[in-house]
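Colleague: Pasting a structure here, questions to come.
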Amino acid sequence: MKEQETEAQRKARLRWVTLGEAIAIAALIISAAGLWLSWRTSGDDKGPTEVVEKRQAVPLALRGKTENDGRVLTITPVEDSHALQSLDVTVAGAAAIEAGSDGQLEASDLETALGDKAAEGEGAHRVRVQIASKYVEAGADKLATGSYVISYRWEGGGLLGGRSLRFEGFTRG
């Protein structure tokens, strides 16, 4: 059997229904306002947003490798993304030696540039050089200069033979 609901219970039940309806209407209004704001700002867009990760530029760093028994020093970029266009090696007080895009420096060219400033004696000697290079990175032409040290030694120089310069190494200076 169904029990009779008292007047106080009936009013409490109606009050909860009214409170629930008020919360639902407030949520509907907030959702409608959010939708309107979203629609209004989407009209300002000029198309889809493009997200592109920009590569950071990498400074040019060079390495040198001796070849042909020290007669040639091949200078190349450390980064594969760099492509040499030209390379000029300058010894202080001398004209620049053009190594070109292949980066090959001949020992005889450095010997001529050093002239009477070349260190004498046995063993390894070092000379500081300035390298100016034009290169391409990510499709853009760039210029870079840097100070490097070339190590060399003298070969020959006996009674009848002349001496000649031979490369030993190449480092950042």
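The values are calculated or read from the model by the stated rules, or taken from the named source; none is laboratory data. Keep in mind it's a predicted model, so treat the numbers as computed, not measured. Because the Cβ atoms are built from the backbone with ideal geometry, glycine has one as well, and the counts that use them run over all protein chains shown. Note: accessible area is taken over every heavy atom of the protein model, side chains too, but ligands, DNA and RNA are not part of it. Shrake-Rupley method; radii C 1.70, N 1.55, O 1.52, S 1.80 Å.
Colleague: Looking at residue 165, is it part of a strand (DSSP E or B), open to solvent by less than 40 Å² (accessible area, probe 1.4 Å) and farther than 17 Å from residue 62 by Cβ?
Modeller: Values: part of a strand (DSSP E or B): yes; open to solvent by less than 40 Å² (accessible area, probe 1.4 Å): yes; farther than 17 Å from residue 62 by Cβ: yes.
Judged against the criteria, residue 165 is a match.
Colleague: Among the residues of the stretch 74-94, write down those that are in a loop (DSSP other than H, G, I, E, B) and of a type outside the set (A, V, I, L, M). Give the derivation first.
Modeller: Applying the first criterion (in a loop (DSSP other than H, G, I, E, B)) to the stretch 74-94 yields 78-81, 92-94.
Selection gives 79, 80, 81, 93.
Colleague: Take the stretch 95-124 and flag every residue that is part of a helix (DSSP H, G or I), open to solvent by less than 80 Å² (accessible area, probe 1.4 Å) and free of Cβ contacts under 8 Å to residues at least 60 places away in the same chain.
Modeller: If the condition is that a residue be part of a helix (DSSP H, G or I), open to solvent by less than 80 Å² (accessible area, probe 1.4 Å) and free of Cβ contacts under 8 Å to residues at least 60 places away in the same chain, then 108, 109, 110, 111, 113, 114, 115 are the ones that fit.
Colleague: Moving on to the next point. Which one is nearest to residue 59 (Cα to Cα) among residues in the stretch 125-141 that are open to solvent by 50 Å² or more (accessible area, probe 1.4 Å) and at pLDDT 90 or above? Talk me through it step by step, then tell me what you get.
Modeller: The initial filter retains those residues of the stretch 125-141 that are open to solvent by 50 Å² or more (accessible area, probe 1.4 Å), namely 126, 128, 130, 134, 138-139, 141.
Those still in the list that are at pLDDT 90 or above too: 126, 128, 130, 134.
Details: 126: 25, 128: 20, 130: 16, 134: 12 Å.
By that ranking, first place goes to 134.
Colleague: I've got another one for you. Mind checking which pairs have a first residue in the stretch 31-42 that is in contact (Cβ under 8 Å) with a residue 24 or more places away in the chain and a second that is hydrophobic (A, V, I, L, M, F, W, C) and open to solvent by 90 Å² or more (accessible area, probe 1.4 Å), Cβ under 8 Å, 6 or more apart or different chains?
Modeller: If the second residue must be hydrophobic (A, V, I, L, M, F, W, C) and open to solvent by 90 Å² or more (accessible area, probe 1.4 Å), no pairs are left.
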